Amino acid sequence: MYWPALSIGLLVGNLTGTQLAGLEATVSSASPFIVVPGDVLDRLGMPRARRQRFQLADGQIVEHDVGDARVQIDGKECVTAVIFAEPNEPSVVGRVVLVSLLLRIDSAGQRLIPVVGRR
């Protein structure tokens with residue numbers, strides 16, 4: 001059965017929380033990381049800490065800058081690595097953020113729901 005992509009609102013910002021931007025993002029359990037257009041992150045004054053290689057779904061290897069961001073979804077907040085994407089690329093929320101915020105995708109209800117963490 002096919003489930004449509006889940007789109008959510010979130011806040012992403014610098015580590016001090018003094019600069020935040022509201023974004024619409026697709027949630028993808030297939031993607032590990034959060035991806036945000038680099039121009040948005042640059043406007044927030046977020047430093048590009050390192051450059052890393054990533055494999056896309058089609059197998060292509062690309063390089064992107066990576067930094068650390070504060071992310072808020074449904075009132076929950078965490079700090080996580082963020083990929084600086086090309087300016088017109090869509091924002092994506094991946095597994096690392098979902099696990100960090102103890103959220104999972106409810107495909108039938110098309111929403112994120114809280115879960116009990118495992119340790």
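Might you let me know whether the stretch 106-113 holds any residue that is among the small types (Gly, Ala, Ser), surrounded by 13 or more Cβ atoms within 10 Å (Cβ to Cβ) and on the phi < 0 side of the Ramachandran plot? Outline the logic, then answer.
Taking the stretch 106-113 as the starting set, the residues that turn out to be among the small types (Gly, Ala, Ser) are 107-109.
Applying the additional criterion that residues be surrounded by 13 or more Cβ atoms within 10 Å (Cβ to Cβ) yields 107.
In the following step, the residues that additionally are on the phi < 0 side of the Ramachandran plot were identified as 107.
Yes: one or more hits.
If you scan the stretch 33-71, which residues turn out to be in a strand (DSSP E or B), within 13 Å of Leu15 (Cβ to Cβ) and not hydrophobic (A, V, I, L, M, F, W, C)? Write out each step before concluding.
Of all residues in the stretch 33-71, those in a strand (DSSP E or B) come to 34-37, 50-55, 61-71.
Filter again for within 13 Å of Leu15 (Cβ to Cβ), leaving 67-71.
Within the stretch 33-71, Gly67, Asp68, Arg70 meet the criteria.
Across the stretch 3-19, which residue is modelled with the lowest pLDDT among those that are over 17 Å from Asp65 (Cα atoms) and either more than 14 Å from the chain's Cα centre (by Cα) or part of a loop (DSSP other than H, G, I, E, B) (or both)? Spell out the reasoning first.
Initially, the stretch 3-19 is screened for residues over 17 Å from Asp65 (Cα atoms), giving 3-11, 16-19.
Filter again for either more than 14 Å from the chain's Cα centre (by Cα) or part of a loop (DSSP other than H, G, I, E, B) (or both), leaving 3-5, 16-19.
On the way: Trp3: 52, Pro4: 60, Ala5: 79, Thr16: 91, Gly17: 87, Thr18: 92, Gln19: 94.
Per the stated criteria, the residue is Trp3.
Out of Gly45, Gly13, which single residue is of a type outside the set (A, V, I, L, M, F, W, C) and within 25 Å of Arg104 (Cα to Cα)? Give the derivation first.
Numbers: Gly45 fails: within 25 Å of Arg104 (Cα to Cα).
Within the list Gly45, Gly13, the selection yields Gly13.
Every residue in the stretch 72-93 that is in a loop (DSSP other than H, G, I, E, B) and either among the basic types (Lys, Arg) or within 14 Å of Leu23 (Cα to Cα) (or both), please.
Matches in the stretch 72-93: Asp74, Pro87, Asn88, Glu89, Pro90, Ser91.
The values are calculated or read from the model by the stated rules, or taken from the named source; none is laboratory data. Worth saying up front: this structure is predicted, and the values here are computed from it rather than measured. Here Cβ is always computed from backbone atoms with ideal geometry, including for glycine, and neighbour counts include all displayed protein chains.
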